[in-house]
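*Asks:* This is the structure, below, for whatever I ask next.
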Amino acid sequence: MDYDHVLELDRTDPLAASRAAFDLPEGVIYLDGNSLGALPRHVPGRVAEVIGQQWGRDLIQSWNRHDWISMPARVGDRIARLIGAESGEVVAADSTSVNLMKLLSAALALRPERRTILSDNGNFPNDLYIAQGVAGLLDKEHRLRITDPDQVAEAIDEDVAVIMLTEVDYRSGRRHDMSDLTARAHAAGALVIWDLCHSAGAMDVDLNGSNADMAVGCGYKYLNGGPGAPAFMFVARRLQPVLKPALSGWMGHDQPFAFDLDYRPAAGILRNLAGTPPILGLTALDAALDSFDGVDMTRVRAKSLALGDLFVALARERLACYGLEIITPEAHDVRGSQISLRHPEAYAIIQALIGEGVIGDFRMPDIARFGLVPLYNSFADIWHAIERLEGVMAAGTYRQPRFRERLAVT
Ligand SMILES: Cc1ncc(COP(=O)(O)O)c(C=O)c1O
């Protein structure tokens, strides 16, 4: 593999132009968009306008004049296109955790005779914590069963009410087969909630094509909505009328401004809203979604896989001798949009690499993660990242004590 070949990949990349829409610091190779997406250039201006003009001048009238009130639905509709959903099936609201809590509680109520929530040990632990909390709150002897990722299918039995899975494993980057597992769940009478945190914006997710029931996902990774951006939730249209919101707040009421004393859920996806929408966060996310306008998600997926293939090929060629083991599956159909390497000194290696201008991150216990974001990562980024990682390994820079000091956020 030589650098000319890599430059040719960039020259012929149909998504190459979209990189200019992002404000990446000079000299930094950013491979952490699977944790926090980069800043789209026009986001600060749009947020400043909403603060200065809409909030500052138009004040409370903005709820109507600038239609703030329908932002969760409007932003949801824009996300819907990226994840294979229809308009009216997605809202942007709350955090992934809160949306998961809402959907899991409501889904369990649809299968009152069943007691098992099925998940896997590749799931983001937060989702398991949420399930444990929901089970405690409902106090109906629900149990959370956690299997290995490749044993989920065989663990589906008649007691499973809800299967709760993250499509792409946050550590290894392994991808579940959404269609197959959803079909198996339905055959056994169970519902499925998919967490799309590591999928939305990175690949061509097909929720309706997979006959999915419900999904959640965050706005701050591949959707680039900024730190703590509002998340989203999907409920298939066929389930919307029967799903009874657990967090029955006024924004999900049929008539929020009638101020009735009794809760009556809105029709459709809106019933899943709870409190006042965070307009500034939604504005940033809405503006960030402009980067996806006119973008074909199958092209995004194709580039993500090509970036990954290049990473794997170079890592094999140049890093294997340093004991860096590739743990991301190589086959395209079971891979997300990151490449992960295992090494006992992964934490220090990532810190040393950041010192060289390449930002990746670390996950316990020994995983160095590199997110691949087709809208702004180039093939040359991958080349230079591997080159600098090889430098860090060859010189042993990571052994310096300063790189071993654990920061609060890894
Ligand atoms: C798969 C997955 N689910 C859930 C979360 C947590 O979401 P939040 O903290 O935004 O509620 C994350 C965060 O990284 C995640 O990766």
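*Asks:* Among the candidates Arg369, Arg406, Arg363, single out the residue that is over 14 Å from Asp32 (Cα atoms) and among the charged types (D, E, K, R).
*Replies:* After applying the criteria, what remains is Arg406.
*Asks:* With respect to Asp286, determine if the residue is in contact (Cβ under 8 Å) with a residue 40 or more places away in the chain, buried (at least 22 other Cβ atoms within 10 Å of the Cβ), more than 16 Å from Arg363 (Cα to Cα) and charged (D, E, K, R).
*Replies:* When the stated conditions are applied, Asp286 passes them.
*Asks:* How many of the residues making up segment 94-119 are within 11 Å of the ligand (Cβ to nearest atom) and part of a helix (DSSP H, G or I)?
*Replies:* Qualifying residue count for the region: 6.
*Asks:* Within segment 138-160, which residues are assigned to a helix (DSSP H, G or I) and free of Cβ contacts under 8 Å to residues at least 12 places away in the same chain?
*Replies:* If the condition is that a residue be assigned to a helix (DSSP H, G or I) and free of Cβ contacts under 8 Å to residues at least 12 places away in the same chain, then Asp150, Glu154 are the ones that fit.
*Asks:* What residue, of Ile367, Ile354, Ile327, is of a type in the set (A, V, I, L, M) and surrounded by 20 or more Cβ atoms within 10 Å (Cβ to Cβ)?
*Replies:* Ile367
*Asks:* Right, another one. What do you reckon, is Glu49 more than 28 Å from Val216 (Cα to Cα) and either modelled with pLDDT under 95 or acidic (Asp, Glu) (or both)?
*Replies:* So Glu49 fits the description; yes.
*Asks:* Okay, next question. Which of the residues belonging to segment 223-271 are among the aromatic types (Phe, Trp, Tyr) and within 16 Å of the ligand (Cβ to nearest atom)?
*Replies:* Listed by number, the residues that qualify are Phe232, Phe234.
*Asks:* Same structure, new question: How about segment 147-169: which of its residues are within 18 Å of Ser97 (Cβ to Cβ) and touching a Ser or Thr at 6+ places or on another chain (Cβ under 6 Å)?
*Replies:* Scanning segment 147-169 gives Met164, Glu167, Val168.
*Asks:* Let me ask something else about it. Would you check which residues across segment 128-160 are of a type in the set (A, V, I, L, M), away from the ligand (no atom under 16 Å from the Cβ) and under 26 Å from the mean Cα position of the chain (by Cα) and list them?
*Replies:* Those that are of a type in the set (A, V, I, L, M), away from the ligand (no atom under 16 Å from the Cβ) and under 26 Å from the mean Cα position of the chain (by Cα): Ala135, Ala153, Ala155, Ile156, Val160.
*Asks:* Also, quick follow-up: Could you tell me which residue of segment 202-222 is surrounded by the most Cβ atoms within 10 Å (Cβ to Cβ), considering only residues that are more than 16 Å from the ligand (Cβ to nearest atom) and closer than 15 Å to Asp333 by Cβ?
*Replies:* In this case the residue turns out to be Ser210.
*Asks:* Looking at Ala236, Ala229, Ala288, which is the one that is in contact with a strand residue (DSSP E or B) (Cβ under 6 Å, 6 or more places away or on another chain), at pLDDT 95 or above, outside the structural domain of Ala368 (by TED's automatic domain parsing) and among the small types (Gly, Ala, Ser)?
*Replies:* Ala288
*Asks:* Consider Val75 carefully, then state whether it is within 16 Å of the ligand (Cβ to nearest atom) and in a helix (DSSP H, G or I).
*Replies:* yes
*Asks:* Could you list, in sequence order, all residues of segment 98-127 that are buried (at least 17 other Cβ atoms within 10 Å of the Cβ), within 22 Å of His176 (Cα to Cα) and within 16 Å of the chain's Cα centre (by Cα)?
*Replies:* Asn99, Leu100, Gly122, Asn123, Phe124, Asp127
*Asks:* Moving to a separate point now. Which residues, counting only those in segment 161-192, are part of a strand (DSSP E or B) and within 11 Å of the ligand (Cβ to nearest atom)?
*Replies:* Once the filter is applied, which keeps residues that are part of a strand (DSSP E or B) and within 11 Å of the ligand (Cβ to nearest atom), segment 161-192 yields Met164, Leu165, Thr166, Val168.
The values are calculated or read from the model by the stated rules, or taken from the named source; none is laboratory data. A quick note: this is a predicted structure, and the numbers were derived from the prediction, not measured. Cβ atoms come from the backbone with ideal geometry, glycine included; neighbour counts cover every protein chain shown.
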